[in-house]
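One structure below.
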């Protein structure tokens, strides 16, 4: 199944949901009002929209996610690399490292990920 598209404001909403789920919709409305400045109608509209797209479910006023933060982030990154770097991960990494100072610890962590991938983990 393809990961549903989540737009910027929806992602900020999802961050709140992932942190507090399962959560009553009324409580989610309160948190969105506090943290995002949304009116209750906006929150209920986003709940409905994301429910229709399969990102979350709202049963008996309890809202839970159907898609994880990691899945959304991976889908966004895939789309970005495909669109911006013609699908080339090396081109993305080259561009990223050219303009960002990377610590020794970050380099070691990336190398460890590559090593695990090569081992099939």
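The values are calculated or read from the model by the stated rules, or taken from the named source; none is laboratory data. Keep in mind it's a predicted model, so treat the numbers as computed, not measured. Every residue, glycine among them, receives a Cβ derived from its backbone with ideal geometry; neighbour counts consider all protein chains shown.
Restricting attention to segment 4-20, and to residues there that are more than 15 Å from residue 64 (Cβ to Cβ) and without any contact (Cβ under 8 Å) to a residue 40 or more places away in the chain, which single residue is surrounded by the fewest Cβ atoms within 10 Å (Cβ to Cβ)?
Among residues in segment 4-20 that are more than 15 Å from residue 64 (Cβ to Cβ) and without any contact (Cβ under 8 Å) to a residue 40 or more places away in the chain, the one surrounded by the fewest Cβ atoms within 10 Å (Cβ to Cβ) is 8.
Is segment 92-109 home to any residue that is under 20 Å from residue 2 (Cα atoms), out of contact with any helix residue (DSSP H, G or I) (no Cβ under 8 Å at 6 or more places or on another chain) and either modelled with pLDDT under 95 or exposed (fewer than 13 other Cβ atoms within 10 Å of the Cβ) (or both)?
no
Please determine, by comparing only the residues of segment 32-54 that are more than 22 Å from residue 4 (Cβ to Cβ) and in contact with a helix residue (DSSP H, G or I) (Cβ under 8 Å, 6 or more places away or on another chain), which one is surrounded by the fewest Cβ atoms within 10 Å (Cβ to Cβ).
Result: 39.
Scanning segment 57-71 for residues that are within 15 Å of residue 19 (Cα to Cα) and in contact (Cβ under 8 Å) with a residue 40 or more places away in the chain, which turns out surrounded by the most Cβ atoms within 10 Å (Cβ to Cβ)?
Across segment 57-71, the extreme among qualifying residues is 63.
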